[in-house]
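The next block holds one structure in the form of structure tokens; read it before the comments.
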Amino acid sequence: MKRYSVFAVAREALRYHTGWERAWRSPEPKRHYDVIIVGAGGHGLATAYYLGKNFGITNVAIIEKGWLGGGNTGRNTTIIRSNYLQDPSAAIYEKARSLYETMSQDLNYNVMFSPRGVLMLAQTQHEIRGYKRTAHANALQGVETEFVSPERVKEIVPIINLHGPRYPVLGALWQERGGTARHDAVAWGYARACSDMGMDIIQQCEVQGVRVVNGRVAGVDTTKGPIDCDKLGMVVAGNASVLADQAGFRLPMESVALQAMVSEPIKPCMDVVVMANTVHGYMSQSDKGEMVIGGGTDGFNNYTQRGSFHHIEETVRALNETFPMVSRLKMLRQWGGIVDVTGDRSPIISKTPVGNTFVNCGWGTGGFKSIPGSGWAMAELMATGHSPLTEEFSINRFQEGKFIDESVAAGVAH
Amino acid sequence: MSTRLAKQGRLIDRNKQIEFTFNGKRMTGYAGDTLASALLANDQMMVGRSFKYHRPRGLVAAGSEEPNALMQLGSGDRYEPNQRATTTELFSGLSAKSQNHWPNLEFDVLAINNKLGRFLTAGFYYKMFMYPRAAWKHVYEPIIRASAGLGKAPDKETKDADTYEHFYFFADVVVVGGGVAGLQAAKAAAASGAKVLVLEQNAYWGGRAPVDGGTIDGEAPEAWIEKTRAELAAMDNVTLRDRCMASGVYDHGYVLGYERLTDHAPGQGGPRHRLWRIRAKQIVTATGAIERPLSFAGNDVPGVMLAASMRDYVVNWGVTPGRKVVVATNNDDAYRTALVLHEAGCDVVRILDARNNGGGDLMEEARQKGIRVECGRAIAKVSGGKRVKKVAICAQNGTGGAQEEIEADAVAMSGGWSPVVHLWSHCGGKLNWDDAQAHFRPDAARPPLGDNGKGFVVAAGSADGEMALGPVLVNASAAGSKAAEDAGFPAKTVAAAAGVDSVEAPMEAVWLMPAQADIGLRMKSWLDYQNDVKVSDVQLAAREGYESVEHTKRYTTLGMATDQGKLSNINGLAILADSLNSEIPQVGTTTFRPPYHPISMGVIGGEARGDIFQPVRKTPMYEWNDTNGADWEPVGHWRRPFAYVNKGESVHDAVNREVKNTRENLGLLDASTLGKLVVKGPDAGRFLDMMYTNMMSTLKIGKCRYGLMCSENGFLMDDGVVARIDEDTWLCHTTTGGAESIHGHMEEWLQTEWWDWKVYVANVTEQFAQIAVVGPNARKVLEKLNTAAGGGMDLSKEALPFMEWRDGKIGGYDARAYRISFSGELSYEIAVPASQGLAFWNAIMEAGKEFGVMPYGTETLHILRAEKGFIMIGDETDGTVIPQDLNLQWALSKKKEDYLGKRAHLRSHMADPDRWKLVGLETVDGSVLPDGAYALGEGINANGQKNVIGRVTSTYFSATLDRGIAMGLVKHGPDRMGEVITFPGTDGKTYEAKIVDPVFYDKDGEKQNV
């Protein structure tokens, strides 16, 4: 792999950029791999990357039915934070956040991780209590957060309206080390690194069946033919239950559309991520200048990857109220992604009833921020059969009733 | 130079001059001008700077597809960035500023990026700026952010001075577009009797037809347009709206209309924009087509314009973008522009037709007029910087070796036409590639499908790929009839108007000009003007493996600008397909997403702002509370008094006063917000036995029972007192926040699981005002009221014992009194009809003076219940807590076969002896424990987190006990009474608290059972 650097760019500029090589190969599938990962989104690619990097397992295929990074990795609002309430969540999200800090250097691909800070507004007494509780929990979990006053909120976000007549801002939970990253670059950077380790990323290849022999996985049947493997990782977000069905087990999962939108680009006016859960909206400003806005999930299950309009209305109402200047901007584009939501709204990273088959799904509305941590933990689980980060996220918790419920900390999609 | 012509200008009124400013410079235009045409009339061709390279940019188009002419308009609370000059109607006093430059439009420091263009190719930022690590946040990113963005953000304290509104409409057929196709389709649809709505984005009707010429039914198109519009306007079943753009199509025939009511006359009253939320049975998209640019070097120099747009400026607004114009084309339509310019007295110095054989009749006509036409020829390069000066000409089939350079001040280009398929595609309509016309057109066999599995969008006219006037009208008429028929109206054949137009020779696809342009030229051939994406960028993306069209888009930012690729997408796709040795249809398009054109956030929010952002639910005592010191707290959609603060008193003092007074004298709580659900029917008892963990079917009429509700997973979700009203009727109290969700929860079970049970649930929360009369003097004040009224309900301990209710009169008011207590005091919760609530409240306040009556708020409510060890949903529960954790096993019926949560309670973790259990907590020093603090355990867990053994769920200063009290969940808590545990605060302090019984006050209940 030719390294990217300012010198490489300069060198290529002199020869009209004719010397750049492919970021990742586009091979035909081999007949057998040690490991097949289904799903070349952020989580799948990160899983493959850490299998190679941490465990030296590189005879790996990552199979993708569309284009890599084309699911929720390329549709989210790019927020990265780890101020979760429950210990297992805080552990994996904080692991992810810390890996984001060095991801550009690790991958030699600028993913533009920008620790610009994440502010979660408290607009009711109940929210104040919830966020104070989170701040206490975070302190013991090794996650740096702080409950800040309305005055500090105004300093951090000058465009905010603290004194909305309906829900005045009473304070906020502030995670200074949270922020954003360039979502596509995360997928592309991992893909380039995986390809460089000799892994095969096979796009436009849909899995149509999972072959199980004597309770163990033998391979998958795809639109590009059968491919055998010793271990199988299912990392397909919104379609996880569909794939699990092919392997013969069920997942406690619902798939719903989550909405997002951007405004037209404007000059910088907001440097941090603000989430307002009482009124249901959140916003940050991309490096291009667009206000990146997210709202909630539709109240019905579907797979269409397009959203309805009523959530957009609800979200924009909230933002017009919280940041009145937004009213003078325009919506450029809205889109939807299909998120997989479990009963407790926490992910599943787990062994499955099928031998040597592992599943990583259920990230719901919080998948992007967890990508490196999720891949790290899933790789450890697949390579060694055990990972402390995944322990509590086992599929068995739904039988045991040992749920990891974050709803007290995040009442809204995030 | 660009200038106003002496003649032409069908849309302007030369008798009405309008003054406006651009970058502070005074200019004049005419009524009917757009800002764009007025700028051209004032020789202002350069209108902005590009996003990345800050290159000088001029007007390219005349409509909503314009990528360059984005302006900052207005000032103060009416300031708005990124407004398109081409869709801005001129008004007196308009003040426009160009964007994205410093210090000014003519001289922009960041134009240095243009010089560095060779380094700043597609995706360059992914390959650098990685070291040192901290520099991204502190150096590189701030610079990138400052140079990106377009218009300036509105001021941070901006409060939009305009208002917006929402509007609802139902139509059988919505026709999008008021051009000749739209009008013809509407006519056909309306003839069947269908209710038709026609939306036109411009302030005028007829679209391009009057500019393009030809005849309809033997007349000039304008005559037919006006006649047809008037016919439609006169029909009862037709609604016409101009300045109203259909911006999105959603599932189930939901269409968004974006009506710009006062943008052309700001501040003159009424809402600025109106959002039409339309349900349509069928939608006809008569949205026309958009011309494509040609990709040649320097195709972004101000003065290079789309040929048809140039024609629009001449015919519609009587302005010409140049005096010496070169036309470059691959189709016949651009000849019309040459002819119009010639007619207007401009010098058409050359027509370069990339086709070896040139065009048809129109070419001959141009030649006859003395215009020099060269076939098989192309533009090698346009030069001039801020304005076209020279055009180098070469062979189309070559690498761009210039054979001649001629002087010109404008270039009209045409690369063919692309149907506007956005609305067709928003909801899943599929496209076919038409090789002959080199464009994607709707595939009628694969339309977006409605809930009946049938198509609900029909494309019409040029939006359906018909490019000549005659076929457009025939196609549109058929589309209108089909839509009406599919909407359920019997087909009625309407003869299409007869359109006659020049016969055109076939176009030939030209994706690069010249066809084998060398890299030097390709690096100057723009695809996406606003985002500065060039032919070489797309080729680089393909070379680096970003082969999916979505990868190319994202890597190069092609089509991601505010015009969403209206001009660039097809040209970019073609370059990508060529780079991949593939075909355009195999490469496919990116996804079309709403809105078609950006719409204001103001209109999306509509009326909901400020005081009516979310309507406040008000109890009958709301105004009284407000004028009597209520410190409001939002709870759900309600507001409740947190405390009633007297003058000169702090909130904390007020709470302490309220607590003591209620314990010692008499307190009144406005409890009206408490949810009240009537559950009624022969199966109501059986149903409630499933919903609650307790047995409710055996509750005796006249009695109350405290009930718990668990989720399917066994977690405690709500609590409240249930009263049995009669044989078939129960009244269930819920928490304030839970009323709607519990109602929904009940309905969900009734509708999905027990649909055959005879039960109705009605939410009667707002039908009653409910007042908690609390304290040792509670009975006295009520009896005084009865005495004054000459009698009433017997409120004695014997007649109305604890946990019972009675209907009757209190103080002359119709009342239902419940002997229940959430405070541990003697307490009556009295419900009266909402209309009598305030009067009843006032009556108690008046009568209660001698008993020391005071109102109390939610904080006192919380403290009183905490002193008694009563749990609060949302404090002691958070979705992870089960009744067993809260010592509420007694409320879990053992007699019932089933109830929601029962099976879940059998799961292993639910019986785990290590679950945290409810206890009371007392700080060693009497201080108040911090809210949400965790109790520290020993060591760390496998993930390096400190182990914890419990947490604070509620914590207050108790005025009654004059010390801090708290409740918490602690591992093995009830077995550890008296033990002291440690709570680290986030304030740097560590708090020590003793585990105690959670009932701090009146453990034996002597005060409430009197």
(Q) Can you find a residue that is more than 10 Å from every other protein chain (Cβ to nearest Cβ), surrounded by fewer than 23 Cβ atoms within 10 Å (Cβ to Cβ), over 17 Å from A:Ser370 (Cα atoms) and within 27 Å of the chain's Cα centre (by Cα) anywhere in segment A:183-196? (A) yes
Q) Which of (1) touching a Pro at 6+ places or on another chain (Cβ under 9 Å); (2) among the β-branched types (Val, Ile, Thr); (3) farther than 21 Å from B:Thr982 by Cβ; (4) within 14 Å of chain A (Cβ to nearest Cβ) does B:Val952 not meet, given it meets every other one? A) (3)
Q.
For segment B:908-920, which positions are touching an Asp or Glu at 6+ places or on another chain (Cβ under 7 Å) and more than 11 Å from chain A (Cβ to nearest Cβ)?
A. B:Trp916, B:Lys917, B:Leu918, B:Gly920
Q: Collect the residues in segment B:592-606 that are closer than 25 Å to B:Ile290 by Cα and out of contact with any Ser or Thr (no Cβ under 8 Å at 6 or more places or on another chain), keeping them in residue-number order.
A: B:Arg593
Q) Restricting segment B:113-162 to residues that are closer than 14 Å to B:Tyr53 by Cα, of a type in the set (A, V, I, L, M) and within 28 Å of the chain's Cα centre (by Cα), which is modelled with the lowest pLDDT? A) B:Ala148
(Q) Could you tell me how many of the residues in segment A:286-304 are more than 8 Å from chain B (Cβ to nearest Cβ) and either in contact (Cβ under 8 Å) with a residue 60 or more places away in the chain or closer than 21 Å to A:Val326 by Cα (or both)? (A) 10
(Q) Take the residues in segment B:614-664 that are farther than 25 Å from A:Arg166 by Cβ and among the acidic types (Asp, Glu); name whichever of them is farthest from the other protein chains (Cβ to nearest Cβ). (A) B:Glu664
Q) Among the numbered criteria (1) within 34 Å of the chain's Cα centre (by Cα); (2) of a type outside the set (Phe, Trp, Tyr); (3) modelled with pLDDT of 95 or more, which single criterion is violated by B:Arg26? A) (1)
Q. Picking from B:Leu708, B:Leu731, which residue would you name as being of a type in the set (A, V, I, L, M, F, W, C), farther than 18 Å from B:Thr765 by Cα and either in contact with a Cys (Cβ under 7 Å, 6 or more places away or on another chain) or in contact (Cβ under 8 Å) with a residue 24 or more places away in the chain (or both)?
A. B:Leu708
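Quick one: in segment B:251-273, of everything that is in a strand (DSSP E or B), out of contact with any His (no Cβ under 7 Å at 6 or more places or on another chain) and surrounded by 21 or more Cβ atoms within 10 Å (Cβ to Cβ), which residue is nearest to the other protein chains (Cβ to nearest Cβ)?
Step one: list which residues in segment B:251-273 are in a strand (DSSP E or B), which gives B:254-260, B:273.
Next cut, out of contact with any His (no Cβ under 7 Å at 6 or more places or on another chain) only: B:254-257, B:273.
Add one more test, that the residue is surrounded by 21 or more Cβ atoms within 10 Å (Cβ to Cβ), and what stays is B:255-257, B:273.
Working: B:Val255: 10, B:Leu256: 6, B:Gly257: 12, B:His273: 10 Å.
Only one residue fits best here, namely B:Leu256.
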Q: Working carefully through the options B:Pro641, B:Pro682, find the one that is touching a residue at least 60 places away in the same chain (Cβ under 8 Å) and over 19 Å from B:Ile863 (Cα atoms).
A: B:Pro682
Q) If only one of A:Pro115, A:Pro88, A:Pro150 is over 21 Å from the mean Cα position of the chain (by Cα) and either outside the structural domain of A:Leu389 (by TED's automatic domain parsing) or of a type outside the set (Gly, Ala, Ser) (or both), which one is it? A) A:Pro150
Q) strands (runs of 3 or more DSSP E) wholly in segment A:325-397 with at least 1 residues that are on the phi < 0 side of the Ramachandran plot, out of contact with any Ser or Thr (no Cβ under 9 Å at 6 or more places or on another chain) and more than 10 Å from chain B (Cβ to nearest Cβ) - which ones? A) A:330-342, A:357-361
(Q) Here's a check for you: in segment B:181-228, which residue that is without any contact (Cβ under 8 Å) to a residue 24 or more places away in the chain and assigned to a helix (DSSP H, G or I) is nearest to the chain's Cα centre (by Cα)? (A) B:Glu226
Q: Please specify each residue of segment A:17-50 satisfying the condition of being surrounded by fewer than 24 Cβ atoms within 10 Å (Cβ to Cβ), touching a strand residue (DSSP E or B) at 6+ places or on another chain (Cβ under 8 Å) and not in a strand (DSSP E or B).
A: A:Arg25, A:Ser26, A:Pro27, A:Glu28, A:Pro29, A:Lys30, A:Arg31
Q. Filter segment A:321-370 for residues that are closer than 29 Å to A:Val213 by Cα and of a type in the set (Val, Ile, Thr); which is farthest from the chain's Cα centre (by Cα)?
A. A:Val354
**Q.** Selection count where residues are part of a strand (DSSP E or B) and among the aromatic types (Phe, Trp, Tyr), scope segment B:986-1010
**A.** 1
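For segment B:615-625, check the following and say yes or no: at least one residue is in contact with a Pro (Cβ under 8 Å, 6 or more places away or on another chain) and in a loop (DSSP other than H, G, I, E, B).
At the first step, the residues of segment B:615-625 found to be in contact with a Pro (Cβ under 8 Å, 6 or more places away or on another chain) are B:625.
Of the ones still in play, those that are also in a loop (DSSP other than H, G, I, E, B) are none.
No, every residue in segment B:615-625 fails to be in contact with a Pro (Cβ under 8 Å, 6 or more places away or on another chain) and in a loop (DSSP other than H, G, I, E, B).
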Q.
So, in segment A:183-227, exactly how many residues are over 25 Å from B:Ser548 (Cβ atoms) and hydrophobic (A, V, I, L, M, F, W, C)?
A. 5
Q | Close pairs from segment B:573-595: first under 21 Å from A:Gln305 (Cβ atoms), partner among the basic types (Lys, Arg), Cβ under 6 Å, at least 6 apart | A | B:Thr590/B:Lys553; B:Arg593/A:Arg333
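So in segment A:123-157, with the set limited to residues that are closer than 29 Å to B:Gly937 by Cα and hydrophobic (A, V, I, L, M, F, W, C), which one is farthest from the other protein chains (Cβ to nearest Cβ)?
A:Val148
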Q: State whether one or more residues within segment B:171-180 are outside any helix (DSSP H, G or I) and facing chain A (nearest Cβ under 9 Å).
A: no
Q.
So, in segment B:85-122, how many residues would count as being aliphatic (A, V, I, L, M) and under 18 Å from B:Thr21 (Cβ atoms)?
A. 5
Q: Spot the failing condition for B:Leu527; the list is (1) surrounded by fewer than 24 Cβ atoms within 10 Å (Cβ to Cβ); (2) within 42 Å of the chain's Cα centre (by Cα), and only one is missed.
A: (1)
Q: Would you be able to say whether some residue in segment B:128-139 is of a type in the set (Phe, Trp, Tyr), buried (at least 16 other Cβ atoms within 10 Å of the Cβ) and more than 8 Å from chain A (Cβ to nearest Cβ)?
A: no
Q | Count of segment B:583-613 residues which are in contact with a His (Cβ under 8 Å, 6 or more places away or on another chain) and either facing chain A (nearest Cβ under 9 Å) or under 30 Å from B:Leu558 (Cα atoms) (or both) | A | 9
**Q.** Conditions (1) among the hydrophobic types (A, V, I, L, M, F, W, C); (2) modelled with pLDDT of 95 or more; (3) buried (at least 20 other Cβ atoms within 10 Å of the Cβ): number failed by A:Ala409
**A.** (2)
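Can you work out which of the residues in segment B:714-740 that are in a strand (DSSP E or B) and within 14 Å of chain A (Cβ to nearest Cβ) is nearest to B:Arg903 (Cα to Cα)?
Looking at residues that are in a strand (DSSP E or B) and within 14 Å of chain A (Cβ to nearest Cβ), I get B:Leu716.
The values are calculated or read from the model by the stated rules, or taken from the named source; none is laboratory data. Note that the structure is predicted; figures quoted are calculated from it, not measured. When we count neighbours, we look across all protein chains shown, and the Cβ atoms used for this are built from the backbone with ideal geometry, even at glycine.
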